[in-house]
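Novice: Here you go, one structure.
The values are calculated or read from the model by the stated rules, or taken from the named source; none is laboratory data. All of these numbers come straight from a predicted model, not from anything done at the bench. So basically every Cβ, Gly included, is an ideal-geometry build from the backbone, and we count neighbours across all protein chains shown.
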Amino acid sequence: MRNSIGNNLVLTLFGESHGEYIGATLDGFTPGIKVDEEFLKECLGKRRPSSNNETSRIEKDDYQIISGVFNSYTTGQPITILISNNNVRSSDYDKTKDLARPSHIDYVAENKYHSFQDYRGGGHFSGRITAPIVGLGSIPLNALEKFNIKIGTHIKQCGKVEDRDFSISSKDVEREIDYLNKLSFPVLDDVQLKMEKEIEIARKDLDSVGGIIQVAITNLPVGLGEPWFSSLESEISKAVFGIGGVKGIEFGEGFKMASKRGSETIDSFYNEDGKVVTSTNRNGGINGGISNGMPVIFNLAIRPTASIAKKLDTINIKTNQNASIELIGRHDPAIIRRINIVIRTLVAIVIADLLEVKYGSDVFLKERLD
């Protein structure tokens with residue numbers, strides 16, 4: 001089982017949903033960087049359930065940073081965080097442990113791990129494991145502010161309700177990110193109540209709803225990413241597809257380009273007050289797999305959660321006989337709000353890693369990026 005990602009900056013995950021602890025290690029981060037634990041707690045709070053339309057499993061996310069930080073500064077050694085699991089109800093899974101939840105990990109995990117996997121709450125594959133990503137990811141996310149590199153997300157779509165896109169100009173996107181990062185339900189237009197209604201309707205129908213998250217990264221230096229297999233797109237994509245609910249990605253106008261001509265998909269360059277910018281941003285701030293200085297924009301398709309309380313057809317994974325299942329337990333009818341901070345912090349780790357590749361492991365000790 002491989003649980004790590006990164007080049008110079010490597011993130012490794014461990015733990016299970018109903019185990020005593022979950023955790024993560026971030027190896028290779030710049031020494032001497034202040035760890036803002038209030039910001040860390042704020043990020044964890046954004047991931048925590050906060051309404052009747054989200055899971056009733058509410059963890060306090062009590063955590064310990066057991067290595068890599070001394071006197072509130074990073075030491076350059078692996079940073080390891082442990083987060084305790086306290087609000088567990090493992091008995092919810094006893095009656096259905098041999099029944100493969102449709103579109104879940106159960107069937108493939110049974111085959112891959114020969115019945116030794118922890119089935120409770122999805123075990124190691126649970127969305128609960130995103131909590132330590134948020135905890136450790138808050139450190140590079142905060143550090144990127146030194147170079148005014150900002151990462152923002154918003155709910156572009158929830159069910160059939162849509163929000164507007166990020167703007168084109170870097171300055172406008174920066175303002176939008178600052179606005180969104182203050183919100184617990186990040187949307188640009190006045191659509192929160194309509195989206196919450198979509199989720200509520202699905203919940204009452206014992207169902208779930210998905211959507212689209214739009215991500216923006218501003219003020220990246222030109223030149224992040226490598227040609228071919230370590231492009232900026234591929235590094236981001238590999239990371240975000242580690243999140244179970246992500247089922248699709250497009251950069252810039254993405255799939256819309258398939259029906260257009262080349263003249264409709266290029267971004268013309270021009271000089272604006274000594275800085276090279278583009279008049280449009282159809283390619284999402286990336287050319288040839290490398291950042292071009294414009295905001296990096298991409299969309300993520302988030303599937304409806306598979307844990308729904310309707311009666312469903314399945315098999316018994318011990319006998320391969322047909323069966324039916326009715327799930328009990330505490331599940332989200334939508335993860336579209338809570339997943340925003342997971343994406344922000346995970347993308348921050350990717351960007352910090354690519355900065356280290358380009359500028360060296362002491363990059364965050366620099367005064368500026370050339």
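Novice: Hey, could you check segment 278-335 for residues that are basic (Lys, Arg) and modelled with pLDDT of 95 or more and say which is farthest from Phe229 (Cα to Cα)?
Specialist: Filtering first and then ranking leaves Arg303.
Novice: Checking the structure you have, find out if any residue of segment 315-336 is more than 29 Å from Arg128 (Cα to Cα) and of a type outside the set (Ser, Thr, Tyr).
Specialist: Yes, segment 315-336 contains at least one residue that is more than 29 Å from Arg128 (Cα to Cα) and of a type outside the set (Ser, Thr, Tyr).
Novice: Condition (residue is assigned to a helix (DSSP H, G or I) and surrounded by fewer than 16 Cβ atoms within 10 Å (Cβ to Cβ)) applied to segment 209-223: is it met by at least one residue?
Specialist: no
Novice: Return the total of residues in segment 232-246 being surrounded by fewer than 22 Cβ atoms within 10 Å (Cβ to Cβ) and either of a type in the set (Val, Ile, Thr) or in contact with a helix residue (DSSP H, G or I) (Cβ under 9 Å, 6 or more places away or on another chain) (or both). Break it down into steps so the answer makes sense when it comes.
Specialist: Here is the first cut: in segment 232-246, the residues surrounded by fewer than 22 Cβ atoms within 10 Å (Cβ to Cβ) are 233-234, 237-244, 246.
Those left that are additionally either of a type in the set (Val, Ile, Thr) or in contact with a helix residue (DSSP H, G or I) (Cβ under 9 Å, 6 or more places away or on another chain) (or both): 234, 238-240, 242-244, 246.
Result for segment 232-246: 8.
Novice: Would you pick out the residues in segment 51-89 that are small (Gly, Ala, Ser) and farther than 30 Å from Glu198 by Cα?
Specialist: Here is the first cut: in segment 51-89, the residues small (Gly, Ala, Ser) are 51, 56, 67-68, 72, 76, 84.
Within segment 51-89, Ser67, Gly68, Ser72, Gly76, Ser84 qualify.
Novice: Of the residues Ile155, Ile177, which is under 17 Å from the mean Cα position of the chain (by Cα) and either within 15 Å of Asn219 (Cβ to Cβ) or part of a helix (DSSP H, G or I) (or both)?
Specialist: Answer to the check: Ile177.
Novice: Name every residue in segment 224-241 that is at pLDDT 95 or above, assigned to a loop (DSSP other than H, G, I, E, B) and either over 18 Å from the mean Cα position of the chain (by Cα) or small (Gly, Ala, Ser) (or both), in order of residue number.
Specialist: Correct list: Leu224, Gly225, Ser231.
Novice: From the list Asn287, Asn322, which one is more than 28 Å from Leu369 (Cβ to Cβ), over 18 Å from the mean Cα position of the chain (by Cα) and among the polar types (S, T, N, Q)?
Specialist: Asn322
Novice: Mind listing whichever residues of segment 354-370 are assigned to a loop (DSSP other than H, G, I, E, B) and of a type outside the set (Gly, Ala, Ser)?
Specialist: Listed by number, the residues that qualify are Asp362, Lys366, Glu367, Arg368, Leu369, Asp370.
Novice: Out of Thr30, Thr80, Thr12, which single residue is in contact with a helix residue (DSSP H, G or I) (Cβ under 9 Å, 6 or more places away or on another chain) and assigned to a strand (DSSP E or B)?
Specialist: Thr80
Novice: Could you list all residues from segment 255-290 that are buried (at least 22 other Cβ atoms within 10 Å of the Cβ) and in contact (Cβ under 8 Å) with a residue 40 or more places away in the chain?
Specialist: Across segment 255-290, the qualifying residues are Asn281, Gly285, Ile286.
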